[in-house]
Amino acid sequence: MIDILNGYLIQHKSISIPGLGTIYVERLPAMNDFTNRQIHPPSFKFRFDKYFDAPDKDFFTFLASNRNIPEYEAIKQYNEFAYELRNRIRHQEKFVWPDVGVLSQEMSGEIHFESSDPAAYLAPVTANRVIRQDAQHALLVGDQEMTTQDMTDLLGEGTFVEKESWWIYALILFAIALSILFFHFIRSGQGLDAFGGQ
């Protein structure tokens, strides 16, 4: 019966056990491992909720069709299974549910569920960063769709390009200032003698 219950649990993501609770399947997304340059695959873990323990009507139909018995017989067999399971746990026995986890009773009387480690059906894949310098792709700018080349052209028009020949402008300004000083001394009548000694 456990194989059929595991099949239902995987397909429907939950299974309820009367008098105990419900076991849920939770999907864990794929994880990036940047240091090892890997992407780990998605996995699953099981969670136990002791407050909801009523099986679905579909569950008994599933159980009856898989065991080739009438539905009322499936209800009876499952309730007997759940009753035996509750009794085993109440007598401080651990119930190991293959591929799902372990059900046991704590000292306080609470039902404790320990999920088994999910089997890794998929292996991690290597993730190498690819940088393409001149790749073109579409961008949405406001309400317009543009390519990366269009954006480069648009942003390149109004930009100031700093020239590395700034020293030429400084030299021209120095020459103009020097010529103004020279003409100033000549007009004032001092001439070149003003620069010499006595």
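Ser116 satisfies every condition listed in (1) touching a residue at least 60 places away in the same chain (Cβ under 8 Å); (2) in contact with a Ser or Thr (Cβ under 9 Å, 6 or more places away or on another chain) except (2). Whenever a residue of segment 42-65 is farther than 21 Å from Glu80 by Cβ and open to solvent by 70 Å² or more (accessible area, probe 1.4 Å), its partners that are part of a loop (DSSP other than H, G, I, E, B) and not hydrophobic (A, V, I, L, M, F, W, C), lying with C-beta atoms within less than 6 angstrom and at least six residues away or across chains, give the pairs Phe44/Pro118; Lys45/Pro118.
All conditions in (1) among the polar types (S, T, N, Q); (2) touching a residue at least 40 places away in the same chain (Cβ under 8 Å); (3) part of a loop (DSSP other than H, G, I, E, B) hold for Ser16, with the sole exception of (3). One residue alone among Asp117, Asp143 is exposed (fewer than 10 other Cβ atoms within 10 Å of the Cβ) and at pLDDT 80 or above, and that residue is Asp143.
In the set (1) of a type outside the set (Val, Ile, Thr); (2) open to solvent by less than 40 Å² (accessible area, probe 1.4 Å); (3) touching an Asp or Glu at 6+ places or on another chain (Cβ under 9 Å); (4) under 20 Å from Ser115 (Cα atoms), the condition left unmet by Lys13 is number (2).
The values are calculated or read from the model by the stated rules, or taken from the named source; none is laboratory data. Quantities reported herein were computed from a predicted structural model and do not represent experimental measurements. Glycine gets a Cβ as well: all are built from the backbone with ideal geometry, and neighbour counts include every protein chain shown. Please note that ligands, DNA and RNA were not included when accessible areas were found on the heavy atoms of the full protein model with its side chains. Shrake-Rupley method; radii C 1.70, N 1.55, O 1.52, S 1.80 Å.
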